[in-house]
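Asks: This is the structure I have questions about; it appears just below.
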Amino acid sequence: MKKVTILVPCYNEEESLPLFYESLLKIIESIPQKYEWELLFVNDGSRDRTLQVMRNLRERDSRVSYLDLSRNFGKERAMLAGFDYVTGDCMIIMDADLQDPPELIPQMLQYWEEGYEDVYAKRKTRGKESILRKAFSLAYYRILQKTTKIEVLQNVGDFRLLDRCCINALTKMRESERYTKGMFCWIGFRKKEILFDRGDRVAGKSSWNFFSLFSLAIEGITSFSIAPLRFATVLGVIVSLAAFIYMIFIFIKTLMYGDPVQGFPTIMVVMLFLGGVQLLCLGVMGEYIGRIFNESKHRPAYLAREYNGTHISANCPRSLMTSEPDSKSDL
Ligand code: UDP
Ligand code: MG
């Protein structure tokens, strides 16, 4: 019998999780008894009783598994933790707040049976979001698309079904600065689209704010493209060329008309402009160097504390596979 895993990263979802479980159960029970199910909840360092809720669910239902991370690592890394612990032949990634309707699951499974390896749900509408967030999102996807070679899908979140081959591919990508949405596109495989209306959160509140979205946006661009670096180079060439032409102009002007002490505003404008351009380019380089710095430490992307009631350090070494032993740490 094929096994289907529902992977749910959870951060402060004590109110939503029971509701999510109930509505998921309804759907699972409506599907013919063709599949074995696993509901894998990843507790991403919640500050409320989410872990307790997960434990209770597991006591009631043996299909429920849970993984407790040692602190809040963010959704991207919580998903990676989930990928490592999924035992199914395919998995469906869902949010705990019911913004991803479980009603789509039967259709996803149907496409999976037809041989598609990545069945993703595309939002027709985006639910309750501010106009500003919608506008930023639109502009962002445009920029991202222009700067990367791979096709990045617009209005597609993490809600999707992935075959085992995709899960294996994703677990091989161990960078700790993660932009999973881009990775889904990067790995390729046979993709199929489903359209849906994204609802609003059932309970709790979204843990994203403008700054976390902004940093995810920068992450997206810098982890999939070096276009900003190229932009810095091109800008440097253009500015140097302009400076060179201006230099010749000044040189000839001085020869023809002499050199009365003038031009303070011109010097100020040019200096400030060049200073600005230099800082901009340094900033762009800094973004990449920061990433090299973070990745070069080779830290595990997450640490887990407990898997289904078993303390990880005791007998579950899977999380340790994420890190190489650091020989220098003995010094
Ligand atoms: N989430 C997580 N870790 C975090 C933030 C969020 O695991 O640090 C989970 C959260 O519990 C939810 C999903 O990621 O299941 C989506 O989060 P949210 O609803 O806050 O995002 P939005 O729907 O506003 O994009
Ligand atoms: Mg949400």
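The values are calculated or read from the model by the stated rules, or taken from the named source; none is laboratory data. The model shown is predicted, which means the values in this text are computed figures rather than measured ones. Positions of Cβ are backbone-derived with ideal geometry, glycine not excepted, and every protein chain shown enters the neighbour counts.
Asks: Of all the residues that make up region 121-156, how many are within 14 Å of ligand 1 (Cβ to nearest atom), without any contact (Cβ under 8 Å) to a residue 60 or more places away in the chain and under 30 Å from residue 109 (Cβ atoms)?
Replies: Summing the residues that are within 14 Å of ligand 1 (Cβ to nearest atom), without any contact (Cβ under 8 Å) to a residue 60 or more places away in the chain and under 30 Å from residue 109 (Cβ atoms) in region 121-156 gives 4.
Asks: Give me the pairs, please: first residue somewhere in region 41-66 and more than 19 Å from residue 24 (Cα to Cα), second residue anywhere and surrounded by 15 or more Cβ atoms within 10 Å (Cβ to Cβ) and of a type in the set (S, T, N, Q), beta-carbon distance under 7 Å, and either six or more positions apart or on two chains.
Replies: 44/72; 45/72; 46/12; 47/12; 48/12
Asks: Tell me which of these residue 189 doesn't satisfy, since it passes every other one: (1) outside any helix (DSSP H, G or I); (2) modelled with pLDDT under 80.
Replies: That leaves (2) as the condition not met.
Asks: Turning to a different aspect of this structure: Considering region 1-23 alone, what residues qualify as being of a type in the set (A, V, I, L, M), closer than 15 Å to residue 95 by Cβ and over 24 Å from the mean Cα position of the chain (by Cα)?
Replies: Taking region 1-23 and keeping what is of a type in the set (A, V, I, L, M), we get 1, 4, 6-8, 17, 19.
When the remaining residues are screened for being closer than 15 Å to residue 95 by Cβ, the result is 6-8, 17, 19.
Correct list: 19 only.
Asks: Go through region 144-163 and report how many residues are crowded, with 16+ Cβ neighbours inside 10 Å, part of a helix (DSSP H, G or I) and over 16 Å from the mean Cα position of the chain (by Cα).
Replies: The qualifying residues number 1.
Asks: Touching a Phe, Trp or Tyr at 6+ places or on another chain (Cβ under 8 Å), of a type outside the set (Phe, Trp, Tyr) and closer than 30 Å to residue 229 by Cβ: is that true of residue 144 in this structure?
Replies: Numbers: touching a Phe, Trp or Tyr at 6+ places or on another chain (Cβ under 8 Å): yes; of a type outside the set (Phe, Trp, Tyr): yes; closer than 30 Å to residue 229 by Cβ: yes.
Yes.
Asks: Determine if region 102-115 includes at least one residue that is within 16 Å of ligand 2 (Cβ to nearest atom) and under 20 Å from the mean Cα position of the chain (by Cα). Reasoning before the result, please.
Replies: Just the residues of region 102-115 that are within 16 Å of ligand 2 (Cβ to nearest atom), to begin with: 102, 104.
Narrowing further to those that are under 20 Å from the mean Cα position of the chain (by Cα): none.
No - not one qualifying residue is present in region 102-115.
Asks: So which residues in region 173-189 are closer than 24 Å to residue 303 by Cβ and touching a Lys or Arg at 6+ places or on another chain (Cβ under 8 Å), if there are any at all?
Replies: Matches in region 173-189: 176, 177, 178.
Asks: Then there's this: Select from region 176-197 the residues that are within 16 Å of ligand 1 (Cβ to nearest atom) and over 21 Å from residue 142 (Cα atoms) and list them in ascending order.
Replies: If the condition is that a residue be within 16 Å of ligand 1 (Cβ to nearest atom) and over 21 Å from residue 142 (Cα atoms), then 176, 177, 196, 197 are the ones that fit.
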